[in-house]
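Report on the structure given below.
The values are calculated or read from the model by the stated rules, or taken from the named source; none is laboratory data. Note that the structure is predicted; figures quoted are calculated from it, not measured. Every residue, glycine as well, gets a Cβ built from its backbone with ideal geometry; the counts of neighbours run over all protein chains shown. For accessibility, only protein heavy atoms count, side chains too; no ligands or nucleic acids. Shrake-Rupley method; radii C 1.70, N 1.55, O 1.52, S 1.80 Å.
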Amino acid sequence: MKIELEQLKKDFENTLRDVKDHVALEEVKNEFLGRKGKLKTLLKDVATLADEERKAIGKLANEIKDALETAYGQKESELDMRHPGSRLDQEWIDVTEPGKFPSEGHLHPVTQAISEITDIFARVGFTSVRAPEIDWDYYVFESLNMPKDHPARDDWETFFVDLPEGKKGKIVLTPHTSNSQVRVMETTKPPIRIININRTYRRQIDISHIPMFHQFEGLMIDKNISVVHLKGILDYFAKTFFGPNRRTRLRPHHFRFTEPSFEVDITCGVCGGNENGNCRLCKGGWLELGGAGMVHPNVIKAGGHDPEVYSGFAFGWGVERTLMMREGIKIDDIRVLYKNDLRFVKQF
Ligand code: FA5
């Protein structure tokens, strides 16, 4: 009987192994542990055994019964866990699966252009400085030789901060980066070679204007600086940023803080500078980059230096417009740069 009991235990374990659901489990339980089950049937004749043997078999039978019940309980909770919607089912993870990588971002195209422009000028000795983005009227207009009635000083062009005037006038959101000129000259003895890239603000919005944009301002002050140096730096920038075939030209213009003043044009990347007027983009071979000129003697004086000894040039361009003039970049509305549309930004 001992052998038969041991065999029963083995049979039970083997049968249990193949059980896949609660119904089958219940059937196995009845088959082995039920009132008319295999264990009961086997033990039916125990009473007929001799004393000694009956005790030993009774003890073994109890142990086997406990073992079967424990095995049954374990199987039952295992099936509970595997049940669809059970915790095991919900929390089950395949640790061998390849991991999910977080999506990687990149710098905004305007930020990329800013670091590229900074690097290009750093290579020819221009130090990067940061003049305030919100500044006194004095640095933005007054010290730049701009009369009180200049249109840019009107509320319609510039954002003025609604605070009492200080010794240096009103506080304004800078409409250009030229406030760096006198600020740098005040604290630096020439030779000066700086680049100031910052946010600027104007009351303008349309296909080619935005109220917040970026400008980069270059300033070089030293003895004997002439337009030739300005043209050299402009050509160097144009060829490095836009490509070796691009050329620049200076067109006479007027700014209060430079004399002479120029508008800087660059040959069109689409037609290569063809002046026949057939190009849809430029209609004449040239695209306008921004303003430039030789720093006005009054501005050099405001910066604390002698215009009889020192001369220099300055230029100020929009980063967004400069970026848009790059070959292969087809942005026909400047506002798209700040729409936060990932479909656009991801292309850069
Ligand atoms: C100026 O702001 C002068 N301070 C430039 C300068 C500096 C001249 C040093 C001489 C010496 P202007 O107003 O033309 O100039 O603006 C320069 C450039 O800023 C424009 O060519 C354009 O590229 C960009 N810009 C101006 N307004 C906007 C705007 N609302 N949105 C986007 N870009 C603009």
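Tabulated values for the structure
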read-out: Answer from PHE237, PHE255 - the residue that is under 30 Å from MET146 (Cβ atoms), out of contact with any helix residue (DSSP H, G or I) (no Cβ under 8 Å at 6 or more places or on another chain) and not aliphatic (A, V, I, L, M); value: PHE255
read-out: Residues satisfying the stated conditions in the range 74-99, i.e. under 11 Å from LEU16 (Cβ atoms) and either open to solvent by 100 Å² or more (accessible area, probe 1.4 Å) or modelled with pLDDT of 85 or more (or both); value: GLN74, LYS75, GLU76
read-out: Matching residues, the range 225-270, being of a type in the set (Gly, Ala, Ser), at pLDDT below 95 and either surrounded by fewer than 17 Cβ atoms within 10 Å (Cβ to Cβ) or more than 20 Å from ILE195 (Cα to Cα) (or both); value: GLY243, GLY269
read-out: Residue among SER178, SER208 that is open to solvent by less than 40 Å² (accessible area, probe 1.4 Å) and not β-branched (Val, Ile, Thr); value: SER178
read-out: Close pairs (6 angstrom Cβ cut-off, 6 or more residues apart or separate chains): touching a residue at least 60 places away in the same chain (Cβ under 8 Å) and on the phi < 0 side of the Ramachandran plot in the range 140-168, open to solvent by 40 Å² or more (accessible area, probe 1.4 Å) and not acidic (Asp, Glu) anywhere; value: MET146/ARG256
read-out: Exclusive hit being open to solvent by less than 40 Å² (accessible area, probe 1.4 Å) and over 20 Å from ASN198 (Cα atoms), set LEU287, LEU281, LEU323; value: LEU287
read-out: Lone qualifier among GLY232, GLY269, GLY218 - being assigned by TED's automatic domain parsing to the domain that holds ASP137, in contact with a helix residue (DSSP H, G or I) (Cβ under 8 Å, 6 or more places away or on another chain) and more than 9 Å from the ligand (Cβ to nearest atom); value: GLY269
read-out: Selection count where residues are in a strand (DSSP E or B) and touching a Ser or Thr at 6+ places or on another chain (Cβ under 7 Å), scope the range 215-231; value: 4
read-out: Close pairs (7 angstrom Cβ cut-off, 6 or more residues apart or separate chains): in the same structural domain as PHE242 (by TED's automatic domain parsing) and β-branched (Val, Ile, Thr) in the range 307-330, open to solvent by 30 Å² or more (accessible area, probe 1.4 Å) and more than 6 Å from the ligand (Cβ to nearest atom) anywhere; value: VAL309/LYS223; VAL319/ILE114
read-out: Of all residues making up the range 298-348, the number that are among the aliphatic types (A, V, I, L, M), closer than 27 Å to VAL227 by Cα and within 16 Å of the ligand (Cβ to nearest atom); value: 8
read-out: Filtered residues of the range 140-169 (kept if over 33 Å from the mean Cα position of the chain (by Cα), within 16 Å of TYR201 (Cβ to Cβ) and buried (at least 19 other Cβ atoms within 10 Å of the Cβ)); value: PHE141, ARG153
read-out: Search result, residues across the range 9-51 that are touching a Lys or Arg at 6+ places or on another chain (Cβ under 7 Å) and either without any contact (Cβ under 8 Å) to a residue 40 or more places away in the chain or under 18 Å from GLN74 (Cβ atoms) (or both); value: LEU16, VAL19, LEU25, GLU31, PHE32, LEU39
